[in-house]
Amino acid sequence: MKAFVQTAVGSYEERDLERPVPGPGEVVLRMRAALTCGTDVKLLKRGHARIALPVTMGHEVCGDVAAVGEGVAGWKPGDRAVPGVSGPCGACDDCSAGRANLCAAAHSDRMWGAFAEFARVPAGVVAANLHRVPAGLEDEVAAFVDPLASVLHGWNRLRAPSGRLLLYGSGALGFLWAAVAAGRGLDVIVAGRRPERAPLAAIYGARYLDLAREGVDSLAGRGGAAPDLAVDCTGDRLVWERLAGLVRPGGQVLLFGGCAPGTLVGFDAARLHYAEITLSGSFHYTPDEARAALDALASGAVDPRPLVSGRGTLADLPRFLEAQARGDGVRYAVRGDA
Ligand SMILES: [Zn+2]
Ligand SMILES: [Zn+2]
């Protein structure tokens with residue numbers, strides 16, 4: 001089968017690989033649609049401590065079950081499915097406490113390898129985080145379960161969210177955040193450096209703040225109050241540091257975008273203390289949040305289609321990844337050839 005494999009930090013190639021055979025508890029999906037994601041570009045550029053190379057790239061996928069391993073119940077060839085990236089064990093302390101997103105076992109064998117004709121789904125994912133796609137839901141829309149579930153997890157990390165929300169970063173995640181938060185009644189501002197994306201903010205019920213022209217510090221004076229909540233969607237240390245100074249006293253900052261490994265961040269202690277600013281991390285999502293994401297996509301509560309800047313087949317992937325790295329286009333959808 002055709003597959004795109006990252007061979008080293010900074011390089012990848014198209015390879016002709018053996019089609020995966022499902023082990024016990026596993027299934028193999030035939031890819032119908034896979035999405036490019038900033039994470040793919042990040043991994044290509046700097047690698048990842050927990051992902052051994054070479055690795056078949058891509059992780060946001062919708063496919064048909066092509067083969068079923070021993071002991072798998074409830075799935076048969078032809079079923080359309082979308083997997084979460086992790087398969088929580090359901091038994092460890094984190095899983096028992098409702099933090100299945102942090103389950104260590106779940107992250108030891110992840111669902112990876114969407115940029116190929118076929119992809120193996122690990123047994124843990126089949127057992128806990130593989131979801132049936134409702135009839136009528138488009139493949140590329142269903143493939144948005146992974147990023148949307150991350151947003152829903154971030155939302156669940158906030159304490160009684162209401163009022164004004166600042167989303168810092170105008171990538172796909174920023175807009176998915178806008179869709180969720182505006183849909184739930186918040187007054188949403190997307191701050192970014194790509195004014196051509198202002199219409200996307202409007203589609204998702206948010207206002208766009210052009211950081212190239214206007215400083216984010218102007219927010220505090222604009223229309224009265226400073227934001228109640230701020231979410232980093234950049235993974236940039238300087239943005240993390242800055243957001244604590246932008247929310248109102250008693251405000252919350254969600255550190256949603258992941259910074260590079262080894263990053264150290266500094267905060268003004270007086271600001272955190274005397275203004276009682278809450279800083280929260282947010283990582284990944286639980287199977288329940290993946291299910292909720294699929295429901296939101298199926299009901300149309302969140303429509304990610306305006307975020308797809310181009311569509312093609314696996315052969316188009318190199319040009320899509322280059323465009324994604326340049327920030328040219330938000331997301332690209334690759335379709336299975338069959
Ligand atoms: Zn992703
Ligand atoms: Zn667990």
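Overall, the chain carries a charge dipole of about 500 debye about its Cα centre when +1 sits on the Cβ of Lys and Arg and -1 on the Cβ of Asp and Glu, all other atoms neutral. Between amide H atoms placed 1.01 Å from N, distances below 5 Å from S170 occur with R193, all of them 5 or more places distant or on a separate chain. Taking label points 7 Å from Cα along the Cα-to-Cβ direction, L272 and A105 give a separation of 3.4 nm. Only aspartates and glutamates eight or more places from K45 in sequence, or on another chain, were considered; those with a Cα closer than 16 Å are E13, D236, E322. When DSSP assigns beta bridges and you keep just the ones with both residues in the range 67-194, what percent turn out antiparallel, to the nearest 5? Antiparallel bridges make up about 40 percent of those DSSP assigns within the range 67-194.
Can you give the FRET efficiency for E241 and V21, using 1/(1 + (r/R0)^6), R0 = 45 Å, r = Cβ-Cβ distance, to the nearest 0.05?
Numbers: r = 48 Å, r/R0 = 1.07.
With a Förster radius of 45 Å, E is 0.40.
By the compact-protein rule of thumb, 2.2 N^0.38 Å, the alpha-carbon radius of gyration of the range 1-126 corresponds to a ratio of 1.06.
Taken over the C-alpha atoms, the range 101-198 has Rg and Dmax values of 16.4, 45 angstrom. Label point 7 Å out from A73 along Cα-to-Cβ: which residues of the range 8-30 have amide N under 14 Å? Backbone N within reach: 25. Over all projection directions, the Cα-based convex hull of the range 135-184 averages an area of 4.2 nm². In a simple Cβ point-charge model (Lys, Arg +1; Asp, Glu -1; nothing else charged), the range 69-141 has a dipole of about 120 debye relative to its Cα centre.
Helical runs assigned H by DSSP (4 residues or longer) give the chain a calculated mean residue ellipticity at 222 nm of -7000 deg cm²/dmol, each run adding -39500 (n - 2.57) before division by the residue total.
The phi torsions of the range 306-313, fed into the Karplus equation with coefficients 6.51, -1.76 and 1.60 and a -60° offset, translate into couplings of x, 7, 8, 8, x, 9, x, 10 Hz, rounded to whole numbers, with Gly and Pro shown as x. Seen from all directions on average, the range 147-304 presents a Cα convex hull projection of 9.2 nm². Applying 0.36 nm per residue to the separation of S11 and A49 and subtracting their alpha-carbon distance, the gain on full extension is 12.0 nm. DSSP beta bridges fully contained in the chain are about 55 percent antiparallel.
Take every Cα pair under 8 Å whose residues are at least 6 apart in sequence, average their separation, divide by the length of the chain, and the relative contact order is 18 percent. Once the gyration tensor of the Cα atoms in the chain is diagonalised, the equivalent ellipsoid follows with semi-axes of 34, 21, 19 Å, ordered largest first.
Among G300, A135, W177, which residue has its Cα positioned farthest towards the positive end of the charge dipole of the chain, with +1 placed on the Cβ of Lys and Arg, -1 on the Cβ of Asp and Glu, and the dipole taken about the Cα centre? Toward the positive end, the furthest listed residue is W177. What a 1.4 Å probe finds exposed on the chain is 51% carbon and sulfur by accessible area, rounded to a whole percent.
The values are calculated or read from the model by the stated rules, or taken from the named source; none is laboratory data. Please read all numbers here as calculations on a predicted model, not as lab measurements. Glycine gets a Cβ as well: all are built from the backbone with ideal geometry, and neighbour counts include every protein chain shown. For the accessible areas, the whole protein counts, side chains as well, though only heavy atoms, and no ligand, DNA or RNA atoms are used. Shrake-Rupley method; radii C 1.70, N 1.55, O 1.52, S 1.80 Å.
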